[in-house]
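One structure is given here, and the rest of the page talks about it.
The values are calculated or read from the model by the stated rules, or taken from the named source; none is laboratory data. Keep in mind it's a predicted model, so treat the numbers as computed, not measured. Counting neighbours? That spans all protein chains shown, and the Cβs are built from the backbone with ideal geometry, glycine included. Side chains included, ligands, DNA and RNA excluded: accessible areas come from the protein's heavy atoms. Shrake-Rupley method; radii C 1.70, N 1.55, O 1.52, S 1.80 Å.
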Amino acid sequence: MNAMTRRIVIGTAAVSMALSVAACGKAGDSDSGNGGGGDSKTIGLLLPENKTTRYETFDRPIIEAKIKALCSDCEVKYNNAAQDTETQKKQFDALVTQGVKVIILDSVDYKATKSWVQQAEKDGVKVVAYDRLAEGPISAYVSYDNEKIGRLQGEGLVAALGDKAKEANVVMINGSPTDPNAPLFKKGAHSVLDSGVKKVVYEQDIPDWSPDEANKKMGAAIDSLGKGGFQGVYSANDGMAGGIITALSKQGIKVPVGGQDAELAGLQRILTGDQSFTIYKQIKPEAETTAEIAVKLLKGEKIDDLVPTKVTSLTGEFSDIPAKLYDAQVVTKDNIASTIIADGVYKAADICTAEYKAACEAAGIK
């Protein structure tokens, strides 16, 4: 935890320094799309869906606030694709047509973006891939080491199974096949579970990360394996874990279930013992770094110090993409206070509503 805290402090200091020295470019007028210069005041922000609570609650407001802090007269043109690729393509194309020169893109379907980003590059538009690595000639990518997150999820489940892990059969409910992070989470989790448990006895990818679909697939797994046919469930995120736990409860089954994203409902389920763990990814540094990169690109400044690593796209076609990958950690009942609450993601009052008061007190959260 100390290293993590240190990283947060260093990150905050760097962000504050950048904030104090940043000035805003004055060339061109908002939405002018003038001449060859295009729009030097507007940044496009395209998020993929609104089923996962993090995007509207954290990512969007943090990115918008940071852009404003770095460039007071910059405007953010925001759109959410509600998990529809065609909608996102229209939103992206509209920004390019309007002369927007920097677009932050969190793609619905990473493979679909290749032609959009290629066309944007021809039009002098810089695309920053946020959270998910889109295909195409991307100017920068900010996310997490997603395979490592999968490993953390696998380790979290093995730890929750305890000394019974080696004899345990496990169900795997993976994320959306169109999300480039989902196969990385899956690969990382398999690297731990394939040797850490007896067997993965049922596995499904869930389109759109749908909690309802996860609920149905968990029901199908119970029908096919029987109530005692598995001892733990890997869920790629907290939203789906909610659907899975509903299906298990309906049949009176209590087994360890993991998740990801540290969603409020997930944290509350962890406190009541319905969910074993989640993965806490610090969204603030990811979102603020992305905003900082976007503003620098808008002003034609270098971003090298913000993107210290290089990555290759999932298809292997695009390499040497400048990137910044943040760390994550497993959160259980024991460290909600020292991570989520200490970092100000949620206050104790947010988590410990009337229904969860007793569970909070039992976990030492006040």
*Would you kindly derive the ³J(HN,Hα) couplings of the range 89-97 from the backbone phi angles with the Karplus curve 6.51 cos²θ - 1.76 cosθ + 1.60 (θ = phi - 60°), listing them in order in whole Hz, with x for Gly and Pro?*
4, 4, 4, 5, 4, 4, 5, 5, 4
*Backbone HN-Hα couplings from phi across the range 228-238 [Karplus 6.51/-1.76/1.60, Hz, Gly and Pro as x]*: x, x, 8, 10, x, 10, 8, 10, 5, 8, 5
_How tilted is helix 146-161 with respect to the longest principal axis of the chain? Cα atoms for both, answer in degrees (0 to 90, nearest 10)._
20 degrees
*Putting +1 on Lys and Arg Cβ atoms and -1 on Asp and Glu Cβ atoms, find which of 100, 294, 210 reaches farthest to the positive end of the dipole of the chain.*
210
*Value of D in µm² per second that Stokes-Einstein yields for the range 107-257, Kirkwood Rh from Cα pairs, at 25 °C (0.890 mPa s)*: 150 µm²/s
_Keeping every protein chain present and rolling a 1.4 Å probe, give me the accessible area per residue for the chain in Å²._
42 Å²
*Using mean Cβ contacts within 10 Å as the protection proxy, how do 278-287, 223-232, 207-216 order, highest first?*
278-287, 207-216, 223-232
_Separation between Cα centres of the range 277-326 and the range 112-155, rounded to whole Å_ = 9 Å
*Compare the Cα positions of 313, 358, 85 along the charge dipole of the chain (+1 at Cβ of Lys, Arg; -1 at Cβ of Asp, Glu; about the Cα centre) and return the one farthest towards the positive end.*
358
*Given H placed on each backbone N at 1.01 Å, which residues far from residue 41 in sequence or on other chains put an amide H within less than 5 Å of it?*
31
_Cα point-scatterer Debye curve for the range 71-174, base-10 log of I(q)/I(0) at q = 0.14 Å⁻¹_ = -0.65
*Per the Kirkwood definition applied to all pairs of different Cα atoms, how many angstroms is the hydrodynamic radius of the range 212-366?*
18.0 Å
*Counted charge near residue 199, where neighbours are those whose Cβ lies closer than 15 Å (Asp, Glu -1; Lys, Arg +1)*: 0
*Gyration tensor (Cα) of the chain, equivalent ellipsoid semi-axes in angstrom*: 38, 23, 17
